[in-house]
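Right, one structure below, let's go through it.
Values quoted throughout were computed directly from the atomic coordinates according to the rules given, and no laboratory measurement underlies them. Every value quoted in this text rests on a predicted model; they were computed, and no experiment measured them. Heads up, the Cβs are rebuilt from the backbone with ideal geometry, glycines too, and the neighbour counts pull from every protein chain shown.
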Amino acid sequence: MITPRVATGSALRCLIGRVVPIVMCMAGTVTATAADRFPWPFTLQFDQQAPTSVSGTVVNQDGQPITNANVAVFVEHPDFLVPVLSPTILHQTVTDGDGRFSMTFASPTPYQCSRFRAIARQANHGFCTMDLVLTNREQTVHFRLRKERTVRGRAIGPDGLAIAGLQIRLRSFRDGAASTSLWPADAAPAAWPKPALTDNVGRFAMQGIPISDQPGSITFEVDDERFAPHTTTVETGVDEAVTLRLSDPGIVTGSVVQKDSGAPLGGCWLLVVPTDHQQAADNQHQGIPVRADSEGRFRVRCNQAKYLTVYAYPPEGAPYPAWVTDARPWPDAKLPHDVRIEVPRGVLVRGKVIDAESKMPIMDAGVEYWVAEAKHFPHVSRAVAKQTYWGAEYRRILTRRDGTFEVAVIPGPGYLVAKAPDATYVSRQITHGEVTGEGPGGYFMNIEAAKSINPKPGEKVVDFVLEMTQGVTIRGQVVGPDGKPIDQAVLLSKSFTRIQSVYWSSRRALPIVNGRFELPGCDPNQARTVFILDATHQLGATITLHPKEAINKEPVIRLEPCGSAVVQLVDKNRMPVANQQLLGSTMIVRPDLIGLEGVVNASYGFQPVRHVFWAMSILDPSRHKSLSTDKNGFVTFPTLIPGAPYKLIQIAPSQQELLDFKVESGLEHSLGTVTVE
């Protein structure tokens with residue numbers, strides 16, 4: 001459970017935003033104290049004035065109440081690479097003699113959470129997870145637990161001998177399209193299966209996994225000082241015993257120092273990445289987080305690999321920017337891989353994030369540094385600029401209570417961008433290429449403040465100000481064709497991307513409950529086109545909202561029956577692509593709802609992303625994830641919002657935009673014949 005600190009106003013901010021459980025990575029884990037965790041990219045906020053209540057029952061397959069069943073509610077967070085975020089438990093309880101439970105807790109915010117879920121389990125039964133609605137303040141959930149499945153196995157070491165006394169944890173469980181992942185070992189809910197322990201001949205039995213008739217998988221995780229960290233994934237339909245084959249650990253030791261003076265960078269955070277690929281970028285999510293001691297020394301146990309990359313994040317207040325090492329070959333001998341990381345001196349920028357109108361400071365805003373992509377860097381080598389760029393990418397520093405921040409940059413052109421702590425500020429969309437100076441192109445970023453910077457070597461940069469503009473909130477009603485409030489739907493807006501900066505997460509949706517919606521952060525002088533979808537009842541609408549009009553008169557949005565589109569897919573020889581699953585591993589073709597068109601820069605260094613989109617396979621998975629062509633190559637796409645812009649896109653084996661289209665309410669549209677790979 002979360003321990004809140006004292007706060008005023010409607011938002012209750014909690015210590016877990018600054019101090020969180022360490023992330024369990026496939027590369028391995030390290031031990032840290034509760035007060036020494038890798039900094040999160042935002043501080044969790046909760047509404048204490050309008051708490052959420054979740055109640056319900058837990059029964060067995062025969063409908064009989066289960067006493068003393070463990071129940072927990074938790075939230076999952078948007079995608080981040082630094083660090084990868086684990087779920088957060090909001091509350092836990094047990095059922096009474098009638099199998100009932102009830103809990104009340106401070107409400108999470110949809111801006112910071114991607115999913116709201118509940119989990120329940122009791123001895124001799126498998127666990128069960130259920131999705132909840134983030135904006136619904138009173139919810140009822142009923143669990144029907146299946147009998148547990150006991151998965152048995154054996155663990156052997158590098159010498160082929162059985163391993164006794166080995167703790168094995170359930171890392172994740174996938175059941176059909178749904179999946180549930182493990183929290184850090186010291187923060188898993190009581191409803192999650194307990195770790196199994198191997199006996200004298202290395203055998204173990206994992207209990208608490210539900211029996212399932214859906215295809216899925218189970219992933220086990222081992223983190224023992226005697227061996228390299230290990231994960232094994234098996235299919236749920238396989239009944240034979242699981243064999244876990246462990247290997248000798250790889251040990252990485254090292255020191256982080258100032259390149260100019262050789263003095264240690266004590267307290268530096270690092271992500272240590274053993275990898276078989278010679279790269280020093282975009283693999284932060286595989287890193288093992290560890291903090292250097294006061295002398296800049298660190299030690300990590302991990303898997304041995306071909307190469308090693310280390311991301312270094314010097315402490316705030318030091319004039320040394322984020323940094324990443326080159327991919328270094330792993331030594332052949334089974335000796336500790338000792339690394340000396342020399343971080344070059346930069347320029348320390350001291351600034352503040354404020355409200356543009358009131359000039360009041362904004363606490364817990366996230367400040368990010370982006371190095372400009374310049375053909376010639378006036379003060380540093382291209383190698384230094386490149387390694388700083390990859391090190392600083394996705395790293396965020398939070399402003400203090402007075403809105404101030406300190407961030408180290410390199411001399412030369414760059415950008416400081418900021419993300420608001422909540423959804424009330426006006427966002428704007430810019431492309432990655434615009435931030436780095438290459439021109440429009442690349443993926444979209446959704447930010448609330450940005451400002452260029454170009455310091456000289458040795459320059460002191462103080463009083464650097466980033467301003468955010470408060471927006472207005474549009475509130476309204478959503479009704480069905482019969483005029484009655486819609487029970488549950490989602491509102492899709494290109495400006496609402498939650499707390500993350502880049503458009504990676506597909507869960508960019510605001511829940512609509514009991515026919516009501518709230519859209520915060522609207523520019524009062526700019527119209528907003530939004531889409532509403534009730535996938536369950538196949539209803540939708542496309543509407544343009546004018547904030548000034550909507551504030552004076554609350555809009556009522558009437559949904560209409562969704563349309564559909566049929567298309568014939570053929571190959572380059574004009575032969576039908578028959579009986580092909582569209583979301584298979586060899587071919588992926590899907591319709592995407594388009595929220596924003598971008599400008600393509602043909603000279604940009606990689607495949608540009610032209611639009612903000614929502615995949616229909618995420619918005620309506622029950623209908624779209626199982627789509628296949630018939631014997632003549634025809635397929636019908638359902639659940640399409642009337643009047644909304646769509647693109648038919650091929651993702652695999654290569655990416656290409658096939659066609660643009662719209663549909664009308666209740667009608668099936670023919671898209672003709674389209675050639676795919």
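Comparing 268, 236, 202 along the charge dipole axis of region 201-279, the residue lying farthest to the positive side is 268, per the Cβ-charge model. Given +1 at the Cβ of Lys and Arg, -1 at the Cβ of Asp and Glu and no other charges, the dipole of region 398-524 around its Cα centre is 220 debye to the nearest 20. Taken one residue at a time, the phi angles of region 104-109 give Karplus couplings (6.51, -1.76, 1.60, θ = phi - 60°) of 10, 7, 4, 7, x, 10 Hz. Gly and Pro are set to x.
Near residue 539, the amide H atoms lying under 5 Å from its own belong to 534, 562; only residues 5 or more places off or on other chains count, and H is placed 1.01 Å from N.
For the chain, what does the relative contact order come out to in percent, with C-alpha contacts under 8 Å and a separation of six or more? Each step should come with its number before you reach the end.
Values: 1880 pairs, mean separation 61.0, N = 677.
Worked out over the chain, it gives 9 percent.
Over region 191-264, calculate the relative contact order: mean separation of alpha carbon pairs under 8 Å at least 6 apart, over the residue count, as a percent. Write out the running numbers ahead of the final one.
Working: 68 pairs, mean separation 14.1, N = 74.
Dividing the mean separation by the residue count of region 191-264 yields 19 percent.
Applying 1/(1 + (r/R0)^6) with r as the Cβ-Cβ distance of residue 475 and residue 131 and R0 = 35 angstrom yields a FRET efficiency of 0.90. Placing a pseudo-label 7 Å from each Cα along the Cα-to-Cβ vector at residue 383 and residue 459 gives an inter-label distance of 2.6 nm.
Each residue of region 264-269 was assigned a 3J(HN,Hα) from its phi angle through the Karplus expression (A = 6.51, B = -1.76, C = 1.60, θ = phi - 60°), giving x, 9, x, x, 6, 8 Hz with x at Gly and Pro.
Quick check: from the Cα gyration tensor, does region 472-561 come out rounded (a/c under 1.5), prolate or oblate? Let's see the in-between values first.
Working: a/c = 2.05, a/b = 1.16, b/c = 1.76.
Judged from the Cα gyration tensor, region 472-561 comes out oblate (a/c at least 1.5, b/c at or above a/b).
Computed from label points 7 Å out along Cα-Cβ, the spacing between residue 487 and residue 159 is 6.2 nm.
With viscosity set to 1.002 mPa s at 20 °C, what whole-number translational diffusion coefficient in µm²/s follows for region 563-675 from Stokes-Einstein and a Kirkwood radius over Cα pairs?
Rounded to a whole number, D works out at 146 µm²/s.
The Cβ shell under 12 Å around residue 242 holds other residues with a net charge of +1, Lys and Arg each +1, Asp and Glu each -1.
Can you compute the helix-only [θ] at 222 nm over the chain? Use -39500 (n - 2.57) per DSSP H run of at least 4 residues, normalise by all residues, nearest 500 deg cm²/dmol. Before the final figure, lay out each step's value.
Values: 5 runs with 30 residues, N = 677.
After summing the helix terms and dividing by residue count, I get -1000 deg cm²/dmol.
For region 250-343, the convex hull drawn through the C-alpha positions has a volume of 88 cubic angstrom per residue.
Residue separation of residue 328 and residue 299 scaled by 0.36 nm, minus their Cα-Cα distance, works out to 8.8 nm of gained length.
Annotation: amide H-H contacts under 5 Å for residue 595 (H modelled 1.01 Å from N, sequence separation of 5 or more, or interchain): 612, 613, 614. Relative contact order of region 347-468, taken over Cα pairs closer than 8 Å and 6 or more residues apart, is 37 percent. With K and R counted +1 and D and E -1, the other residues having a Cβ less than 11 Å from that of residue 131 yield a net charge of +1. Stokes-Einstein diffusion of region 290-354 at 4 °C, 1.567 mPa s viscosity, Kirkwood radius from Cα pairs, rounded to a whole number: 92 µm²/s.
Farthest towards the positive end of the charge dipole of the chain, among the residues 646, 97, 421, is the Cα of 421, using unit charges on the Cβ of Lys, Arg, Asp and Glu.
Farthest towards the positive end of the charge dipole of the chain, among the residues 288, 617, 533, is the Cα of 288, using unit charges on the Cβ of Lys, Arg, Asp and Glu. If the only charges are +1 at each Lys and Arg Cβ and -1 at each Asp and Glu Cβ, what is the size of the charge dipole of region 472-561 around the Cα centre, to the nearest 20 debye? Taking the Cα centre of region 472-561 as origin, the dipole is about 240 debye. Extension gain, residue 553 to residue 467: 0.36 nm times the residue separation minus the Cα-Cα distance gives 28.0 nm.
Close amide-amide hydrogen proximity is noted between residue 347 and 409, 410, each under 5 Å apart and 5 or more residues distant or on a separate chain (H modeled in the peptide plane; Pro and chain starts excluded). Stretching the chain fully between residue 64 and residue 523 yields a gain of 159.9 nm (0.36 nm per residue, less the alpha carbon separation).
Where a ≥ b ≥ c are the square roots of the eigenvalues of the C-alpha gyration tensor, would you call region 63-120 rounded, which needs a/c under 1.5, or, failing that, prolate if a/b is larger than b/c, or oblate? Intermediate values should be presented prior to the final figure.
Values: a/c = 3.41, a/b = 2.52, b/c = 1.35.
Note, shape of region 63-120 comes out prolate.
With an a/c value under 1.5 for the gyration tensor axes a ≥ b ≥ c computed over the alpha-carbon atoms, the chain is described as rounded. State to the nearest 20 debye the size of the charge dipole of the chain about its Cα centre, where the only charges are +1 on K and R beta carbons and -1 on D and E beta carbons. That gives the chain a dipole magnitude of about 520 debye.
3J(HN,Hα) along region 367-379, derived from phi through the Karplus expression 6.51 cos²θ - 1.76 cosθ + 1.60 where θ = phi - 60°, amounts to 9, 10, 10, 10, 6, 6, 8, 10, 5, 9, 8, x, 10 Hz, with x in place of Gly and Pro. Annotation for region 324-387 versus region 106-142: alpha-carbon center distance of 38 Å. With a threshold of 30 Å on the Cα-Cα distance, the over-threshold entries among 306/572; 375/460; 484/548 are 306/572. If you take all other residues with their beta carbon under 13 Å from the beta carbon of residue 641, and give Lys and Arg +1 and Asp and Glu -1, the sum is -4.
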